[in-house]
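A quick write-up on the structure given underneath.
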Amino acid sequence: LKELNSQGYEIVLVTSGAVGIGLQRLRYRKLVNSSLADLQNAQFELDGKACAAVGQSSLMALYDTLFSQLDVTSSQYLVTDTEFRDTSFRKQLSETVKSLLSLKVIPIFNENDAVSTRRAPYEDSSGIFWDNDSLAGLLAMELKADLLVMLSDVEGLYSGPPSDPNSKLIHTYIKEKHQCEITFGDKSRLGRGGMTAKVNAAVCAAYAGIPSVITSGYATDSIIKVLQGKCVGTLFHRDAHLWTLVKELGVREMAVTARKCSRQLQAMNSEDRRKILLDIADALEANESLIKIENEADVTAAQDDGYENTSFIRLISFLQISGLAKSIRVLADMEDPIAQVLKRTELADGLILEKTSSPLGVLLVIFESRPDALVQVITSAIPENIGEKLIGLVTSREEIPDLLK
């Protein structure tokens, strides 16, 4: 946040933690002042509002200390649900935040749990926000934010509980597709909402025109990576359904489709297969500029990620592209290896045993970096009767174990 603040970004921080810190302090105080007889009694329960009142000052003292060490000024803003019913309050809130941001101060918002009238989340159906997740979404809309980032203890939204090995990270949330498919795990013992509340807040903000991302608060530089456009966490956007006009293939379906297309390729005659190779060579040369642009993006990404020595990246030159196209044409002119009789043995009268060459099947290729351009170039040269899914492309490491299975 300090780095973004120094770059001129206007940041509002919504935080929780007061109840947890207060609980720790009160438990410690109870422990050091207890007799042996007290310790032998059943575990006592502490009031959540009392914990919030005790913990809030410690929470803000922590933020103040950390930000002060980085020469950043922070401010505290405690709110309750009922205050947002007042139009004049909402106007004053916006003006105060605007004034603080102009001074490069980071406003820190938290729900004032010490005086909140709510006893449990979602108990009052007329409530405006229910927890700090929905408060963050509300503030994002109230302040007309450009982006809402919600931090979690996991990488993002999964299709099921993150502890389930069958759960997969969802990179782009599509309401029409995912709202009925996701199984949520248990929420935090101290928190109100958990991932369910984050998703609800993100969807609400996204459909109000504010892109939202749920990502890990433990991973290094998550917020900075989001602003750099890197694929981290789960993105929520009101136009997300327009980005997936073609049905997404699962990794198993992708592999099965590739095998089906490969058999159609195998059934072609040698001359037709030769023509496909020649078309690929032509496409490589015709798309030289695109390939070089993608390669330069690799170099830039490596430098942004802190790699000082980028010599390991295979820089592509015009000579290499021409050489690759030439090699493919040489391959096209070689004798077709498919269905060649390697050995023929007469086992008995009229019974002939032949050993013939056959294709390996579907291959899995792991690229060192962005394979998009290469895949697009080759796919563009494949005739329709073979099928565009002859080559599939996965874009995240999470899908590799499923492919290997």
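The values are calculated or read from the model by the stated rules, or taken from the named source; none is laboratory data. Here the structure is a predicted model, which means the values were calculated and not measured. All Cβ positions, glycine included, derive from the backbone under ideal geometry; neighbour counts span all protein chains shown. Please note that ligands, DNA and RNA were not included when accessible areas were found on the heavy atoms of the full protein model with its side chains. Shrake-Rupley method; radii C 1.70, N 1.55, O 1.52, S 1.80 Å.
To the nearest µm²/s, what D does Stokes-Einstein give for segment 1-242 at 10 °C and 1.306 mPa s, using the Kirkwood radius over alpha carbon pairs as Rh? Can you show the working numbers first?
Numbers: Rh = 19.5 Å.
In µm²/s, the coefficient rounds to 82.
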* Spin-label point model (7 Å from Cα, Cβ direction): what's the Ile352 to Ala50 distance in nm? -> 9.5 nm
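Could you order Thr220, Thr379 by accessible surface area, starting with the largest, using a probe radius of 1.4 Å?
Numbers: Thr220 100, Thr379 35 Å².
Solvent-accessible surface, decreasing: Thr220, Thr379.
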* Asked: Once the Cα gyration tensor of segment 251-357 is diagonalised, what are the square roots of 5 times its eigenvalues, in whole Å and ordered largest first, as equivalent ellipsoid semi-axes?
  -> 41, 18, 15
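What's the local net charge at Leu59, with K and R +1, D and E -1, over the other residues with C-beta under 13 Å away?
Here the charged neighbours net out to -2.
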* Considering the zone a paramagnetic label at Lys104 would reach in this model (a point 7 Å from Cα along the Cα-to-Cβ line), which residues of segment 145-160 have amide N under 13 Å from it? -> none
* In terms of modelled amide H atoms, which long-range or inter-chain residues lie less than 5 Å from the amide H of Tyr158? -> Ile170
* Point-to-point label distance, Ser159-Phe89, nm (Cα→Cβ direction, 7 Å offset) -> 4.3 nm
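Determine the sum of side-chain charges near Val72: Lys and Arg each +1, Asp and Glu each -1, restricted to other residues whose C-beta is under 12 angstrom from that of Val72. Can you show the working numbers first?
Details: positive: Lys2, Lys104; negative: Glu3, Asp64, Asp71.
It works out to a net charge of -1.
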* Sites matching GluC sites (Glu not before Pro) across segment 217-284 that sit in DSSP coil, with at most 10 neighbouring C-beta atoms within 10 Å -> Glu248
* To do: Using a 10 Å cut-off on Cβ atoms, rank the peptides 337-347, 129-139, 91-101 from the highest mean neighbour count down.
  => 129-139, 91-101, 337-347
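Once R0 is set to 25 Å, what does the formula 1/(1 + (r/R0)^6) return for the Cβ-Cβ distance between Val115 and Leu31, expressed as a FRET efficiency to the nearest 0.05?
Numbers: r = 27 Å, r/R0 = 1.09.
Efficiency, rounded to the nearest 0.05: 0.35.
Tell me the net charge near Tyr218. Cut-off is 12 Å between Cβ atoms, Tyr218 excluded, with +1 for each Lys or Arg and -1 for each Asp or Glu.
Details: positive: none; negative: Asp153, Glu155, Asp221.
Net charge in that neighbourhood comes out at -3.
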